[in-house]
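So the structure is just underneath, and the comments pick up after that.
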Amino acid sequence: MSLKDTRRGVILFNLGGPEKLQDVRPFLYNLFSDPEIIRIKNDVLRKLIAWLIATTRQRKSRALYRQIGGGSPLRKITDAQAAALRTRLEARGCPANVYVGMRCWKPTIDDAVKQMRSDRITRLAVLPLFPQFSVTTTGSCVRYFMSVADKSGLSSEAEFEYVDAWFDNRLYIEAMAELIQEAMRGFPDPNPEKIQLLYSAHSIPARYVEEGDPYLAQTRKTVELINQRLSSTSASTLAFQSKVGPVKWLEPATQDVLAQFGRDRIPQVLAIPISFVSDHIETLQEIDIFYKQLARKAGIKEFRRAASLNLYAKFIDALADIALRAF
């Protein structure tokens, strides 16, 4: 096939989120049906457990989504990121269709594959919206995509270039550093020495890391690279949020770190969502509402959050850079 005949595409993976309160239960069911989340080989048993979890958690989850307007903005933001990426790629002389595939919600990966076949895509960059690799996120999305692509026939029609992780992409690191600096300027005392940086990443079960998942190492490296870019004298701590269930998860927990900051009489804390690229329940409710309340109770006078990447121009440049390298 000649270069002229190449029809390029990019698929952006994310987990998705319920857009309305009535979506909460089916979203939770989809999430916990994932064999990378609930590691039970028996499909029937795993789905039964997923049904039980979704049924028992739906009321609590709906209450949390009510606090942020009744649903997740993740789909809207991801669609906007896809549109912005398409515009940026075209401006850089590499036009490509950009698709969104959600692992646990809509538009599904199946929907994206169907549209790719209709568009006769011949070269595809598979780009997860997770900077750091984990089997629970990128691994799950890629594994499912490969099965759908094989069954649909897309695998025989297009070449795939997989992006496993991009936590060390220069433009991504610069974008994160710029948003942190912008947030720091808003503190009553903007002196970096007087602001504690709290990087908060989504946790995963500790045993996954013990089994070789690189998520923890890559997250630590991300923090290191951002701090190097900042060249500031701020102290920083990496913590983990969004634990679910009784098994051991990565530590320390963000809420425990906040309690310690209070005991240490740290007056100013900037929370940085390190493993998220879009606003959703973990930023808008867990950090902005729940952790802010905990910080106040702990005696922290100023608790703020750095803005999420969302449609930040340099972040879209980063996605374009990653996609172009894959092409």
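The values are calculated or read from the model by the stated rules, or taken from the named source; none is laboratory data. Here the structure is a predicted model, which means the values were calculated and not measured. Every residue, glycine among them, receives a Cβ derived from its backbone with ideal geometry; neighbour counts consider all protein chains shown.
Every residue, every condition in (1) farther than 30 Å from Ala54 by Cβ; (2) polar (S, T, N, Q); (3) outside any helix (DSSP H, G or I), yes or no:
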residue	(1), (2), (3)
Arg207	no, no, no
Leu216	no, no, no
Val223	yes, no, no
Gln228	yes, yes, no
Thr233	yes, yes, yes
Ala239	no, no, yes
Gly245	no, no, yes
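Kindly establish whether Glu182 is in contact with a Lys or Arg (Cβ under 8 Å, 6 or more places away or on another chain), at pLDDT 95 or above and of a type in the set (Asp, Glu). When the stated conditions are applied, Glu182 does not pass them. Screening Gln268, Gln255, Gln285 for residues that are under 11 Å from Ser200 (Cβ atoms), touching a residue at least 12 places away in the same chain (Cβ under 8 Å) and surrounded by fewer than 22 Cβ atoms within 10 Å (Cβ to Cβ) leaves exactly one candidate, Gln255.
In the range 195-213, which residues are touching a residue at least 40 places away in the same chain (Cβ under 8 Å) and among the small types (Gly, Ala, Ser)? Ser200, Ala201, Ser203, Ala206 - these are the residues of the range 195-213 that are touching a residue at least 40 places away in the same chain (Cβ under 8 Å) and among the small types (Gly, Ala, Ser).
When the residues of the range 292-312 are filtered to those that are part of a helix (DSSP H, G or I) and without any contact (Cβ under 8 Å) to a residue 40 or more places away in the chain, the one that is farthest from Arg75 (Cα to Cα) is Lys297. When Ser156 is tested against (1) hydroxyl-bearing (Ser, Thr, Tyr); (2) more than 18 Å from Pro128 (Cα to Cα); (3) at pLDDT 95 or above; (4) crowded, with 17+ Cβ neighbours inside 10 Å, only condition (4) is not met. Taken over the range 92-119, the criterion of being part of a loop (DSSP other than H, G, I, E, B) and in contact (Cβ under 8 Å) with a residue 60 or more places away in the chain is satisfied by Arg92, Cys94, Pro95, Ala96, Arg103, Cys104, Trp105, Lys106. Looking only at the range 105-124, filter to residues that are touching an Asp or Glu at 6+ places or on another chain (Cβ under 9 Å) and crowded, with 23+ Cβ neighbours inside 10 Å; which one of those is farthest from Arg325 (Cα to Cα)? Here the answer is Met116. From the list Tyr144, Tyr99, the one residue that fits, being in contact with a helix residue (DSSP H, G or I) (Cβ under 7 Å, 6 or more places away or on another chain), over 18 Å from Asp317 (Cα atoms) and surrounded by 17 or more Cβ atoms within 10 Å (Cβ to Cβ), is Tyr144. Scanning the range 258-288 for residues that are over 28 Å from Thr138 (Cβ atoms) and part of a helix (DSSP H, G or I) returns Leu258, Ala259, Gln260, Phe261, Gly262, Arg263. All conditions in (1) closer than 22 Å to Leu284 by Cβ; (2) crowded, with 17+ Cβ neighbours inside 10 Å hold for Arg88, with the sole exception of (1). If you check Gly69, Gly16 for being in contact with a Cys (Cβ under 9 Å, 6 or more places away or on another chain) and within 30 Å of Lys314 (Cβ to Cβ), only one passes: Gly16.
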